[in-house]
Amino acid sequence: MQEKTYHELLQKSGGVKVNRCKVFVFGMAETGKSTFKESLQRGLVAALLQGLSKPSSQEEPHHPTPGVDVGTFHIPGVGEVSLWDFAGQAEYAVTHSMFMDAENTVFIVLYNIMDDSETQKLQVHWWLCFIKSCNPNRQPDVILVASHADKVSRDRGLRQAAHLLQLMTLEFKDHLRISDEVFLMNCRETRTPEMDRLKKLLAKMKMAMSEHQRQMPKLCAEIIKQLPSWCKKKCSPKCPVLRWPGYVEAVKEIDPLVDEEFLRKFTILLDHQGEIIFNCPTSSDPIIVLKPNWFCTDVIGPMMAPVNFPIPRLARTSEGYVTRAEIQRVFQDVADIDLLITLLQEFQLCHTYNGLEFIFPGLLTQTMPSDKWQLTQEPKVVYFGKQVQCADSTDMFSSGFFPRVQTRLMRELENHPLLWRDGAKCADMNVEGLIKLSPDSRAVNICVRSAQGDKVQCGKMLQQLEIIIADVLYDCSPGTGTVENVLTARALKEHREEFYSYGKEEISKAAAEGGTTPHPTLGFTEQVSDLLCREEEDLLTRNRPELVQTLRHVEPILDHLQTCGILTIEECDVIRANGTPQDRARALLDTVGTKGEDALQVFQSVLREVEPRAADLLMSSMMSTQRTDEPQGIEDQLTRHRPELVRSLSHVEPLLDHLQARDVISTEESDIIRTRSTSQERARALLDTVGTKGGDARDVFSAVLEEVNPEAAEMMLST
Ligand SMILES: Nc1nc2c(ncn2[C@@H]2O[C@H](COP(=O)(O)OP(=O)(O)OP(=O)(O)O)[C@@H](O)[C@H]2O)c(=O)[nH]1
């Protein structure tokens with residue numbers, strides 16, 4: 001949340017100090033998470049009694065955790081924490097993604113030291129990638145804990161655990177703050193030196209967090225106090241859920257003058273703290289789940305339960321649907337069915353076309369049969385495709401990503417798509433589209449074809465699918481680094497087993513040097529014009545996720561665009577009617593996107609005035625589009641990487657000194673730059689000034705940057 005908003009909230013309500021953090025416990029099934037969690041909470045007396053009542057060597061029966069078990073506990077030596085125990089079965093990972101983006105959280109990853117070392121490595125690596133995919137720019141605290149210490153020789157176990165820790169720390173050092181302490185423990189025991197050491201570390205991390213933690217507005221503290229009584233008095237007995245009007249009414253009993261806009265912001269804060277779950281659907285009132293554990297265990301537990309799990313689970317028809325009657329059967333004791341169905345749809349976990357049969361993409365098990373996308377003999381057929389690929393070994397698409405893409409396809413495409421666990425097929429007019437996950441789930445391939453050779457319609461569908469993927473990636477896997485490739489049209493046409501691609505770089509280079517590109521492994525050469533169905537990529541799609549995030553307040557932009565005659569009053573109203581800032585931003589971009597080149601220019605200048613960061617993003621899109629046929633100079637690099645440069649040039653002072661000393665900029669120019677009030681504005685002014693200078697001056701700028709801010713220099717020089 002932006003500082004300014006936070007400040008407003010505090011002023012409005014007064015603040016109280018928060019002394020609580022969240023602890024998430026992850027690990028594959030039966031690694032010992034629930035056992036560990038119990039031992040962690042156990043007080044001295046209970047621990048002594050446990051020691052007396054049964055020897056620690058005695059095996060306990062395994063009770064698998066359904067979904068996520070959430071609760072607030074007092075951990076001796078640590079204090080109050082909100083503890084989240086995430087089920088280890090792969091089926092549940094789809095819904096885990098919903099909660100993994102977490103502030104003020106310590107992530108504990110548990111693994112079993114009895115597993116062979118390759119299994120341990122794969123499991124821990126998978127969880128770390130998952131954590132990273134949901135937590136960009138945060139470097140969350142992570143602790144690795146090896147369980148079943150009592151089953152291995154201590155020396156060997158410690159050596160193994162230390163080795164694994166070293167490997168993971170090296171690989172994830174830029175993304176996660178993995179503690180350098182090795183923990184190898186018998187999770188069933190509380191009074192051990194390892195458990196004491198772990199608690200000390202948790203206490204230290206909690207303390208460090210609380211120092212940085214901002215105060216919580218008083219009204220939030222009051223709402224937390226009231227939650228149990230609201231569950232009893234204000235909700236239906238089976239569903240601790242309130243829709244927005246009921247919630248506002250309840251809060252007005254605490255503060256009759258509460259402003260709804262502020263209340264929304266307070267409620268987002270409560271969601272971040274794990275006190276409630278707050279969902280703002282686009283088409284209806286927000287929903288507030290007052291007891292996260294009800295949703296995480298009672299709902300998600302049966303909903304995603306694997307086969308043979310000892311709880312009721314949703315049976316599916318042979319087509320993979322879940323019927324309304326089946327939902328009724330499984331959930332009748334824990335939820336009101338209508339409300340539950342609304343909730344699941346609003347959380348984008350399922351979709352229905354007729355109100356009777358529901359498709360839960362996260363439950364699909366069948367892979368796409370090969371006969372669903374077959375070779376065609378049509379002489380005019382054209383194929384185009386893009387690929388979004390994980391960039392680094394630490395990247396993965398979070399488990400919720402692909403099912404969410406499928407829900408969006410069902411909601412947004414006019415014709416019903418066909419869905420499988422690893423693919424989706426859609427059709428519109430004379431074009432067919434295919435979205436296919438690679439077998440290792442590290443790439444999404446998007447392919448469109450038209451038997452009639454309709455390049456324009458192919459372009460439209462490809463763009464629509466790309467937008468959905470970019471939006472979902474940003475919403476539920478924002479920490480995943482990706483690269484975009486262009487699929488080879490010829491390999492698509494030949495229906496090869498695998499997808500083959502060119503890097504964007506290769507395509508740009510080929511476009512600049514004659515328009516053909518040889519494929520590095522397939523041995524043929526293709527025309528660039530046969531690979532791209534849109535001559536000029538839509539500028540508004542390129543940096544769309546970032547633009548959506550930046551355009552938080554569309555109101556002033558709408559005013560300007562209306563005044564300039566770009567948007568009508570009706571269009572502005574339709575944009576305003578969207579429920580969340582992101583959806584308003586998306587609607588704005590979509591509408592402006594239909595208005596043509598001149599409107600885009602006006603939009604760019606309006607943004608320059610009211611939302612300079614968004615204007616930077618748009619500008620960098622334009623530059624990267626032009627990149628294909630222009631030689632790359634430093635001016636291009638200054639513009640193309642402008643948003644990143646503006647962000648990393650937070651201290652222009654040393655740069656100004658160097659540039660002045662080398663006569664690149666004058667004292668007056670430096671002074672003008674210094675007068676700008678924010679660090680971003682100073683950075684922008686500096687880039688603008690250097691941009692007006694000749695090539696030599698810009699070379700000096702590049703050299704100076706390398707000296708005083710190597711990170712920014714590297715960014716600028718990267719393509
Ligand atoms: N000997 C020994 N047994 C353990 C240890 N930790 C857990 N167990 C046993 O391993 C089994 C699985 O433990 P749980 O804590 O239920 O595992 P979990 O990770 O919560 O499993 P899910 O809920 O299915 O994801 C139980 O029988 C525990 O008693 C340990 O450190 N040593």
**Complete:** Dividing the alpha-carbon radius of gyration of region 436-494 by 2.2 N^0.38 Å, where N counts its residues, gives 1.26
**Request:** Would you calculate the separation in nanometres between label points at residue 564 and residue 339, each defined as 7 Å from the Cα along the Cα-to-beta-carbon direction?
**Result:** 4.7
**Message:** Let me check I have the definition right: for region 153-228, take the eigenvalues of the Cα gyration tensor, multiply each by 5, take square roots. What are those semi-axes in whole Å, largest first?
**Reply:** 34, 19, 10
**Item:** Debye, to nearest 20: dipole size of region 216-290, +1 on Lys, Arg Cβ, -1 on Asp, Glu Cβ
**Value:** 340
**Fill in**
Per the rule of 0.36 nm per residue minus the C-alpha distance, extending residue 196 to residue 227 adds in nm 7.8 nm
**Prompt:** How do 466, 357 rank when sorted from fewest to most other Cβ atoms within 10 Å of their own Cβ?
**Reply:** 357, 466
**Complete:** Per the 1/(1 + (r/R0)^6) rule, R0 = 45 Å and r from the Cβ atoms of residue 365 and residue 708, FRET efficiency to 0.05 is 0.25
**Complete:** Taking only the alpha carbons of region 216-290, the radius of gyration and the largest Cα-Cα distance, Dmax, both in angstrom, are 11.3, 31
**Asked** In the neighborhood of residue 122, defined by Cβ-to-Cβ distances under 11 Å, what is the net charge if each Lys or Arg adds +1 and each Asp or Glu adds -1?
**Response** -2
**Contact order relative to length of region 314-387, as percent, for alpha carbon pairs under 8 angstrom and 6 or more apart** = 27
**Request:** Would you mind computing, in nm to one decimal, how far apart the modelled labels at residue 260 and residue 318 are, each placed 7 Å from Cα along Cα→Cβ?
**Result:** 5.0
**Orientation-averaged projected area, Cα convex hull of region 541-717 (nm²)** = 10.8
**Request:** Subtract the Cα-Cα distance of residue 357 and residue 170 from 0.36 nm times their separation in residues, and report this length gain in nm to one decimal.
**Result:** 62.5 nm
**Request:** Would you mind getting me the FRET efficiency between residue 495 and residue 411? Use the beta-carbon distance for r and R0 = 22 Å, nearest 0.05.
**Result:** 0.15
**Request:** Extending each Cα 7 Å along its Cβ direction at residue 674 and residue 456, get the distance between those two points in nm, one decimal.
**Result:** 5.7
**Fill in**
Extension length gain for residue 285 and residue 137 (0.36 nm per residue less Cα distance), in nm, is 50.2 nm
**Asked** Which Cα, out of 665, 645, 79, lies furthest along the positive dipole direction of the chain (beta carbon charges, K/R +1, D/E -1)?
**Response** 79
**Asked** Among 237, 256, 220, which residue has its Cα positioned farthest towards the positive end of the charge dipole of region 216-290, with +1 placed on the Cβ of Lys and Arg, -1 on the Cβ of Asp and Glu, and the dipole taken about the Cα centre?
**Response** 237
**Request:** Between beta-carbons, use under 12 Å as the cut-off and find the net charge around residue 549, counting Lys and Arg +1, Asp and Glu -1.
**Result:** 0
**Sum of side-chain charges, residue 281 neighbourhood, beta-carbon under 12 Å (Lys, Arg +1; Asp, Glu -1)** = -1
**Message:** Eigenvalues of the Cα gyration tensor times 5, then square-rooted: what semi-axes does that give for region 370-535, in whole angstrom, largest first?
**Reply:** 24, 20, 14
**Request:** Could you line up 204, 234, 455, 132 from fewest to most neighbouring Cβ atoms inside 10 Å?
**Result:** 204, 234, 455, 132
**Prompt:** Can you give the translational diffusion coefficient of the chain in µm²/s, computed by Stokes-Einstein from the Kirkwood radius over Cα pairs at 37 °C and 0.692 mPa s?
**Reply:** 116
**Message:** Only counting other Cβ atoms within 10 Å, I'd like 260, 644 sorted with the fewest neighbours first.
**Reply:** 260, 644
**Message:** I'd like the distance separating the alpha-carbon centroids of region 143-166 and region 271-335, in whole Å.
**Reply:** 37
**Message:** So if I place +1 on the C-beta of Lys and Arg and -1 on the C-beta of Asp and Glu, and nothing else carries charge, what would the dipole magnitude of region 355-473 be about its Cα centre? I want it in debye, nearest 20.
**Reply:** 100
**Message:** Suppose a student asked you for the relative contact order of region 170-319, using Cα pairs under 8 Å spaced at least 6 residues apart; what percent would you report?
**Reply:** 15
**All-pairs alpha carbon distance profile, region 20-212, 10 Å steps from 0, percent** = 9, 38, 40, 12, 1
**Message:** Given 20 °C and 1.002 mPa s, compute D for region 294-392 with the Stokes-Einstein relation, Rh being the Kirkwood radius over Cα pairs; round to the nearest whole µm²/s.
**Reply:** 132
**Fraction of beta bridges assigned by DSSP in the chain that are antiparallel (%, nearest 5)** = 75
**Two-site FRET efficiency, residue 311 against residue 253, from Cβ-Cβ distance with R₀ of 45 Å, rounded to 0.05** = 0.75
**Prompt:** Hey, what angle do you get for helix 679-691 against the long axis of the chain, alpha-carbon based, 0 to 90 degrees rounded to 10?
**Reply:** 30
**Message:** Please compute the contact order of the chain in relative form: average sequence separation of alpha-carbon pairs under 8 Å and at least six residues apart, divided by the residue count, as a percent.
**Reply:** 10
**Asked** Of the listed peptides 291-304, 591-604, 164-177, 105-118, what is their order by residue-averaged count of other C-beta atoms within 10 Å, with the highest listed first?
**Response** 291-304, 105-118, 164-177, 591-604
**Request:** Within 10 Å, count the other beta carbons around each residue, average over each peptide in 544-553, 665-674, and list them highest first.
**Result:** 544-553, 665-674
**Item:** Size of charge dipole - region 20-212 - debye, nearest 20, with Cβ of Lys, Arg +1 and Asp, Glu -1, no other charges
**Value:** 480
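Where a number appears in this text, it was derived from the coordinates with a stated rule and is not lab data. It should be emphasised that the depicted structure is a prediction, and the values quoted were computed from it without experimental measurement. Virtual Cβ from ideal backbone geometry, glycine too; neighbours counted across all protein chains shown.
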